[in-house]
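Take a look at the structure below.
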Amino acid sequence: MVKNTTIFTLLQNFISQEEIDGILAEFSFEDTARKCDVPTLLNYLVGAATFEWKSLRYAADVATEKGLKSVDYSTLSKRLGELNYLIVKRIFELIVSRLNRAARRKLKLKKELMAIDSTTITVGKNRLPWALYHGERSGIKLHVSFTNHTGMPLQVVETTGLKNDGPIGVKLEDKRFVLVADRAYFSIDKADCYATTKQDFVIRLKDNIQLNRKKSLKRTSVAGSNIVADFTCTLGTSQNKQRNATVLLSLPIMKAPLYVLSQIFVM
């Protein structure tokens, strides 16, 4: 079963082809390529960041599995070399400018979003002998919470590279915000805890999570939306299950089990 996410559709929602054409004109860049145009390059760059593709050759091999058009790695390399980095910077600035208070009001969110994630920085093991990571490398990890409103990190926690994200993520939680995180930060115990502390959150579920007592919710179909179902349920097995809450799940059009745990309700 091919796994995928809606990341490329989300990119299209934030910047249109007309706006990309305007930015290219601003920098007098003629996008004459038929197969590997600038939107295709942007999708490959977003895919590389999202799925941690290790090289252009690897990206060319796996991109079609993620729904992208097939492009040879040598073509990607050539086109990226031709593309002025200021164009990519300008596109990035435009997208970031839309992740603001006005966008939040349009989406009718009561709170600002706060994303949390980590970045591992590695060096030779002799430089940081107290932070051995893998093989001949040492590493430190920065766990960061970031708010779109300020465009700045809210909190930063430093650990050695081998520390798991989940337990450290607890230090980054903040009830003033809607917490947005990847599956590394999810646990059933956390879902119960959030019900008690009133921490709103959006977290992707792990592949092997068990869903129980599913109850479909009425929803208004939105044109162009990738969400095909909303339902409440409880999570976990009889040995390890939720005790204090049910959760609302949204199911993207891409195949299960890429559920998004989108909100929590006290039972």
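Remarks
- Close pairs (6 angstrom Cβ cut-off, 6 or more residues apart or separate chains): outside the structural domain of V202 (by TED's automatic domain parsing) and modelled with pLDDT of 85 or more in region 142-156, among the aromatic types (F, W, Y) and surrounded by 14 or more Cβ atoms within 10 Å (Cβ to Cβ) anywhere: P153/F146
- Hey, Y85 modelled with pLDDT of 90 or more and among the aromatic types (F, W, Y) or not: no
- When Q17, Q12 are checked against the criterion of being out of contact with any Lys or Arg (no Cβ under 7 Å at 6 or more places or on another chain) and loosely packed, with under 12 Cβ neighbours inside 10 Å, Q17 stands alone in meeting it.
- Looking across region 45-82, the residues that are in contact (Cβ under 8 Å) with a residue 40 or more places away in the chain, more than 16 Å from R34 (Cβ to Cβ), of a type outside the set (G, A, S) and surrounded by 15 or more Cβ atoms within 10 Å (Cβ to Cβ) come down to L45, K66.
- Tallying residues that are out of contact with any Cys (no Cβ under 6 Å at 6 or more places or on another chain) and either among the polar types (S, T, N, Q) or not assigned by TED's automatic domain parsing to the domain that holds L24 (or both) within region 41-82 yields 7.
- Residue match in region 173-184 (condition: assigned to a helix (DSSP H, G or I), more than 19 Å from the chain's Cα centre (by Cα) and modelled with pLDDT of 80 or more): no
- Odd one out for L113, checked against (1) within 11 Å of F177 (Cβ to Cβ); (2) in a strand (DSSP E or B); (3) touching a helix residue (DSSP H, G or I) at 6+ places or on another chain (Cβ under 7 Å): (3)
- Taking the numbered list (1) assigned to a helix (DSSP H, G or I); (2) free of Cβ contacts under 8 Å to residues at least 40 places away in the same chain; (3) closer than 25 Å to R137 by Cβ in turn, K190 passes all entries but (3).
- Comparison of L113, L128 shows that the only residue that is surrounded by 15 or more Cβ atoms within 10 Å (Cβ to Cβ), within 22 Å of R204 (Cα to Cα) and either at pLDDT below 90 or touching a Ser or Thr at 6+ places or on another chain (Cβ under 9 Å) (or both) is L113.
The values are calculated or read from the model by the stated rules, or taken from the named source; none is laboratory data. Keep in mind that what you see is a predicted model, and the values were worked out from it rather than measured. Reconstructed Cβ throughout: ideal geometry from the backbone, glycine too, with neighbour counts over all protein chains shown.
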